[in-house]
Amino acid sequence: MFGRLVAGRLVQTAAQQVAEDKFVADLPDYENINRAVVFMLGTVPFPEGMGGSVYFSCPDSNGMPVRQLLGFAVSGKPSAIFKTSGLKPGGGSQHPSGAMNSVRTPSVAHVGSSVELLDSLAQQTPVGNAAVSSVDSFTQFPQKMLDSSYSFASFDVSQAQMTSSPSEMFIPTNVVLKWYENFQR
């Protein structure tokens, strides 16, 4: 039902079914992974009123896996990118099926998914630092650029303070702000 993708690696579509509605896949060498994409394969849709929670499980200092909720996949949002580099063992709980409780090699983590009612998913809170910004880089760059430019507002001068220089072109601040508003739309 789900696939996983990590930059520089092959797409992973195989998962071990540990319960009727729970699946687990190995994520080797997880310490060198910054982000993981989890997506629905499209071969099996969610039943009406259902969605999937996505978990990350890595070993704690004793080698025992600790599960952390990354987020969700639903029919309306069949994929998500999750930040895994900042996740530390100890911020989660044991997997309810018990299948993720076995001692594993420390360099292998697991990505698990659980098919659940949408009402149940709405009541769960993912790990805060796992979410990756949903703003794409095409939008993010001009926002940061304009924010940086706007922070230089203390250097602006009024038209009365300007010295005449025929070789220079000036763009009024309100024109730049209007461009930015149009760009955002």
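The values are calculated or read from the model by the stated rules, or taken from the named source; none is laboratory data. Note that the structure is a prediction, hence the values are computed from the model and not measured. Backbone-built Cβ (ideal geometry, glycine too); neighbour counts: all protein chains shown.
Any residue that is in contact with a His (Cβ under 7 Å, 6 or more places away or on another chain) and under 24 Å from Leu10 (Cβ atoms) - is there at least one of those in segment 27-49? Walk me through how you get there before you give the answer.
Pass one, segment 27-49, residues in contact with a His (Cβ under 7 Å, 6 or more places away or on another chain): 27.
Next, from what is left, pick out any that are under 24 Å from Leu10 (Cβ atoms): 27.
Yes, segment 27-49 contains at least one residue that is in contact with a His (Cβ under 7 Å, 6 or more places away or on another chain) and under 24 Å from Leu10 (Cβ atoms).
Matching residues to (1) modelled with pLDDT of 85 or more; (2) within 19 Å of Ala122 (Cβ to Cβ); (3) more than 13 Å from the chain's Cα centre (by Cα):
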| site | (1), (2), (3) |
| --- | --- |
| Leu10 | yes, no, yes |
| Thr13 | yes, no, yes |
| Phe56 | yes, no, no |
| Gly98 | no, no, yes |
Of the conditions (1) more than 14 Å from Leu27 (Cα to Cα); (2) modelled with pLDDT of 60 or more; (3) buried (at least 17 other Cβ atoms within 10 Å of the Cβ); (4) in contact with a Gly (Cβ under 7 Å, 6 or more places away or on another chain), Gly71 satisfies every one except a single condition; which number is it?
(4)
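Tell me the residue from Asp21, Asp60, Asp26 that is within 11 Å of Met1 (Cβ to Cβ) and of a type in the set (D, E, K, R), please.
Asp21
Filter segment 40-60 for residues that are buried (at least 19 other Cβ atoms within 10 Å of the Cβ) and without any contact (Cβ under 8 Å) to a residue 60 or more places away in the chain and give the result. Even if it seems obvious, please write down each step before you answer.
Of all residues in segment 40-60, those buried (at least 19 other Cβ atoms within 10 Å of the Cβ) come to 40, 51-59.
Of everything in segment 40-60, those that are buried (at least 19 other Cβ atoms within 10 Å of the Cβ) and without any contact (Cβ under 8 Å) to a residue 60 or more places away in the chain turn out to be Met40, Val54, Tyr55, Ser57, Cys58, Pro59.
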